[in-house]
1. Does LEU3 qualify as being without any contact (Cβ under 8 Å) to a residue 60 or more places away in the chain, among the hydrophobic types (A, V, I, L, M, F, W, C), surrounded by 13 or more Cβ atoms within 10 Å (Cβ to Cβ) and outside any strand (DSSP E or B)?
2. Which condition breaks for LEU118 when tested against (1) surrounded by fewer than 16 Cβ atoms within 10 Å (Cβ to Cβ); (2) touching a residue at least 24 places away in the same chain (Cβ under 8 Å)?
3. Restricting the search to region 90-115, which residues are of a type in the set (Ser, Thr, Tyr) and either surrounded by 14 or more Cβ atoms within 10 Å (Cβ to Cβ) or touching a Lys or Arg at 6+ places or on another chain (Cβ under 6 Å) (or both)?
4. Within the set of pairs 6 or more residues apart or between chains, which connect a residue that is of a type in the set (Phe, Trp, Tyr) inside region 70-90 to a residue that is surrounded by 10 or more Cβ atoms within 10 Å (Cβ to Cβ) with Cβ atoms less than 8 Å apart?
5. Could you say which residue among ASP68, ASP114 is acidic (Asp, Glu) and under 14 Å from LYS14 (Cα atoms)?
6. Give me the strands (runs of 3 or more DSSP E) completely within region 36-129, filtered to those with at least 2 residues that are within 27 Å of LYS6 (Cβ to Cβ) and among the β-branched types (Val, Ile, Thr), ordered by residue number.
7. Would you check which residues across region 38-62 are within 14 Å of VAL82 (Cβ to Cβ) and surrounded by 17 or more Cβ atoms within 10 Å (Cβ to Cβ) and list them?
Amino acid sequence: MKLSEKAKKLIDGKNFASVATSMPNGSPQVATVWVDREGDTIILNATRSRQRTLNLKRDPRIAISLFDQSNPYSSVSIRGKVIEITEKGGEEHIDKMSLKYNGTPKYPYHIPSDPRVLIRVEATRIHEM
């Protein structure tokens, strides 16, 4: 599914996303994360050991909520599925996200023993407010 213009604008802006995944017992797990996109594919970055990464490897269903930091009444909720989880490009991408969100070109918390992964998400439903 193509992302709406509003979804693209919120993802491209300096807005945080809340990402919901399912724990092994079915209970929800939510984390606030940085978010990016490549065309209509949503890109999340996490470490290989993060709970959301483990959850999404087991169950690719995901929900993402974003709101405009300057107008919290402007929001987008996205349901989707993970189409890829890869370490390729993860470390470089977190530096890109550090620049976007913190203004610093190098992410200061790299942990070589726990590599970064890119989580690519395809939207299946989009709701705008």
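What follows is calculated from the coordinates using simple rules that are stated; it is not laboratory data. As the structure is a prediction and not an experimental result, all values here were calculated from the model. FYI the Cβ positions are ideal-geometry reconstructions off the backbone, even for glycines, and counts take in every protein chain you see.
1. For LEU3, the condition - without any contact (Cβ under 8 Å) to a residue 60 or more places away in the chain, among the hydrophobic types (A, V, I, L, M, F, W, C), surrounded by 13 or more Cβ atoms within 10 Å (Cβ to Cβ) and outside any strand (DSSP E or B) - is not met.
2. Every listed condition holds for LEU118 apart from (1).
3. Across region 90-115, the qualifying residues are SER98, TYR101, TYR107.
4. TYR73/PHE67; TYR73/MET129
5. When all the criteria are applied, what remains is ASP68.
6. Because the criterion is at least 2 residues that are within 27 Å of LYS6 (Cβ to Cβ) and among the β-branched types (Val, Ile, Thr), the strands (runs of 3 or more DSSP E) in region 36-129 that meet it are 41-47, 61-68, 71-86, 116-128.
7. ILE42, ILE43, LEU44, ASN45, ALA46, ARG50, ARG52, THR53, ASN55, LEU56, PRO60, ILE62
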